[in-house]
Ligand code: HEC
Ligand code: HEC
């Protein structure tokens with residue numbers, strides 16, 4: 001058995017490093033590797049932006065998947081609340097409608113301090129008021145009284161940043177503080193719990209400003225020029241004769257956008273019955289129905 005044949009050679013002389021040239025294939029291989037590296041870098045580095053990593057290839061692509069900044073996300077949610085609750089009167093373009101609702105675009109009201117602005121959706125507004133140099137003398141019910149602080153903050157932020165408006169965003173915390181300042185005399189949850197359904201319904205009637213159109217205690221409406229109902233928003237004291245509870249709740253929920261005209265060729269009556277679905281809660285609606293039924297004068301019968 002011949003073991004370690006190389007040992008013989010090592011005995012002959014000291015090993016030396018040969019002075020061989022670098023093989024050409026190695027140079028080519030290195031250059032190709034460098035080139036491929038550069039190509040890869042070009043495609044995956046986001047143009048050298050230190051914030052861009054795989055799997056994203058560019059700053060634009062990365063930006064598309066980032067959460068939008070808080071204000072933009074708030075305004076996007078606010079737009080949907082606006083379309084659902086406010087747009088029917090003020091218009092998707094924020095320009096308002098003649099004889100129906102003033103504009104919100106370029107309105108000084110939208111730029112006012114938050115307590116003043118938030119009072120409009122929370123407590124309603126009765127003219128006369130000035131908006132962008134014109135006088136309006138209508139009534140807005142507290143269409144936002146049933147919205148959460150988060151929804152109100154979003155919708156007011158939308159108002160303040162859409163259509164060229166440039167006021168500061170409203171946070172949920174700002175809105176919470178403004179609501180506390182505005183609805184100081186609303187009954188507490190504990191007080192509400194001690195009330196009868198009819199008494200709670202009376203609070204609901206006040207909370208959503210039904211009285212602004214139907215009069216205090218629903219006893220007589222405000223004038224509604226060219227409305228078939230005696231040019232008045234109707235009183236509500238006899239609804240017990242016209243509706244059962246389910247019908248009444250259904251009517252209040254869907255509202256009545258088009259009010260029959262006294263003179264068919266005359267102008268559209270300015271006040272219509274808002275759609276309360278999604279604003280007044282289900283429990284509030286049944287309490288409200290109890291309250292409205294209780295308005296009928298005792299022992300009285302209608303003669304037709
Ligand atoms: C049923 C119709 C109606 C709806 C719905 C409505 N508004 Fe109004 N709004 C009005 C009317 C009418 C006025 C003017 C009241 C007056 O003349 O005093 C008004 C006035 C305003 C004003 C002050 C004046 C201005 O144009 O800047 C603001 C702010 C406002 N509304 C915000 C809202 C917001 C926010 C919502 C949704 C939460 C909303 N409104 C929903 C009818 C409506
Ligand atoms: C912006 C004005 C306005 C507000 C605010 C308003 N209503 Fe009305 N409501 C009307 C008008 C106008 C009519 C008449 C509809 C018609 O002629 O078809 C009406 C009709 C009604 C009727 C039907 C009356 C009948 O005799 O058939 C009920 C019930 C009613 N409203 C309840 C309410 C309640 C409850 C609220 C508060 C949550 C409320 N309304 C808030 C304008 C308003």
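The values are calculated or read from the model by the stated rules, or taken from the named source; none is laboratory data. The model shown is predicted, which means the values in this text are computed figures rather than measured ones. Heads up, the Cβs are rebuilt from the backbone with ideal geometry, glycines too, and the neighbour counts pull from every protein chain shown.
The range 1-77 holds helices (runs of 4 or more DSSP H) entirely within its bounds, and those carrying 3 or more residues that are modelled with pLDDT of 65 or more map to 24-44, 59-65.
For (1) more than 14 Å from ligand 2 (Cβ to nearest atom); (2) outside the structural domain of residue 175 (by TED's automatic domain parsing); (3) touching a strand residue (DSSP E or B) at 6+ places or on another chain (Cβ under 6 Å), each residue gets a yes or a no:
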{"site": "116", "(1), (2), (3)": "yes, no, no"}
{"site": "119", "(1), (2), (3)": "yes, no, no"}
{"site": "127", "(1), (2), (3)": "no, no, yes"}
{"site": "130", "(1), (2), (3)": "yes, no, no"}
{"site": "136", "(1), (2), (3)": "no, no, yes"}
{"site": "141", "(1), (2), (3)": "no, no, no"}
{"site": "148", "(1), (2), (3)": "yes, no, no"}
{"site": "152", "(1), (2), (3)": "yes, no, no"}
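When the residues of the range 78-104 are filtered to those that are buried (at least 18 other Cβ atoms within 10 Å of the Cβ) and not in a helix (DSSP H, G or I), which remaining residue is nearest to ligand 2 (Cβ to nearest atom)? Here the residue is 101.
Scanning the range 156-178 for residues that are in a loop (DSSP other than H, G, I, E, B) and under 30 Å from residue 99 (Cβ atoms) turns up 162, 163, 164, 165, 166, 167, 170.
Looking only at residues of the range 234-250 that are surrounded by 18 or more Cβ atoms within 10 Å (Cβ to Cβ) and without any contact (Cβ under 8 Å) to a residue 60 or more places away in the chain, we find that the one that is farthest from ligand 2 (Cβ to nearest atom) is 249.
The single residue among 145, 153, 181 that is in contact (Cβ under 8 Å) with a residue 24 or more places away in the chain, buried (at least 18 other Cβ atoms within 10 Å of the Cβ) and outside any loop (DSSP other than H, G, I, E, B) turns out to be 153. Screening the candidates 244, 283 for the property of being over 28 Å from the mean Cα position of the chain (by Cα) and not assigned by TED's automatic domain parsing to the domain that holds residue 146 yields one hit, 244.
If you filter the range 120-129 down to residues that are touching a helix residue (DSSP H, G or I) at 6+ places or on another chain (Cβ under 9 Å) and either modelled with pLDDT under 90 or within 6 Å of ligand 1 (Cβ to nearest atom) (or both), you find that the one that is nearest to residue 86 (Cα to Cα) is 121. Selection within the range 130-142: residues that are in a loop (DSSP other than H, G, I, E, B) and either modelled with pLDDT of 95 or more or within 6 Å of ligand 1 (Cβ to nearest atom) (or both). The member of this set that is surrounded by the most Cβ atoms within 10 Å (Cβ to Cβ) is 138. Kindly indicate whether any position in the range 219-233 is surrounded by 15 or more Cβ atoms within 10 Å (Cβ to Cβ), part of a strand (DSSP E or B) and either at pLDDT 90 or above or in contact with a strand residue (DSSP E or B) (Cβ under 6 Å, 6 or more places away or on another chain) (or both). Yes, there is a match, as at least one residue in the range 219-233 is surrounded by 15 or more Cβ atoms within 10 Å (Cβ to Cβ), part of a strand (DSSP E or B) and either at pLDDT 90 or above or in contact with a strand residue (DSSP E or B) (Cβ under 6 Å, 6 or more places away or on another chain) (or both). For first residues located in the range 203-215 and without any contact (Cβ under 8 Å) to a residue 12 or more places away in the chain, partners that are away from ligand 1 (no atom under 14 Å from the Cβ) and not in a helix (DSSP H, G or I) and lie 6+ apart or on another chain with Cβ distances below 8 Å do not occur. Screening residue 77 against (1) touching a helix residue (DSSP H, G or I) at 6+ places or on another chain (Cβ under 7 Å); (2) more than 18 Å from residue 173 (Cα to Cα) leaves a single unmet condition, (2). Looking across the range 87-100, the residues that are in contact with a strand residue (DSSP E or B) (Cβ under 9 Å, 6 or more places away or on another chain) and either modelled with pLDDT of 95 or more or not assigned by TED's automatic domain parsing to the domain that holds residue 157 (or both) come down to 90, 91, 96.
The numbered conditions (1) in a helix (DSSP H, G or I); (2) loosely packed, with under 14 Cβ neighbours inside 10 Å are all true for residue 200 except (2).
For the range 239-304, which fully contained helices (runs of 4 or more DSSP H) count at least 2 residues that are touching a strand residue (DSSP E or B) at 6+ places or on another chain (Cβ under 7 Å) and within 16 Å of ligand 1 (Cβ to nearest atom)? First the steps, then the outcome.
On the way: elements: 239-242, 245-254, 282-294.
The helices (runs of 4 or more DSSP H) meeting that bar are 245-254.
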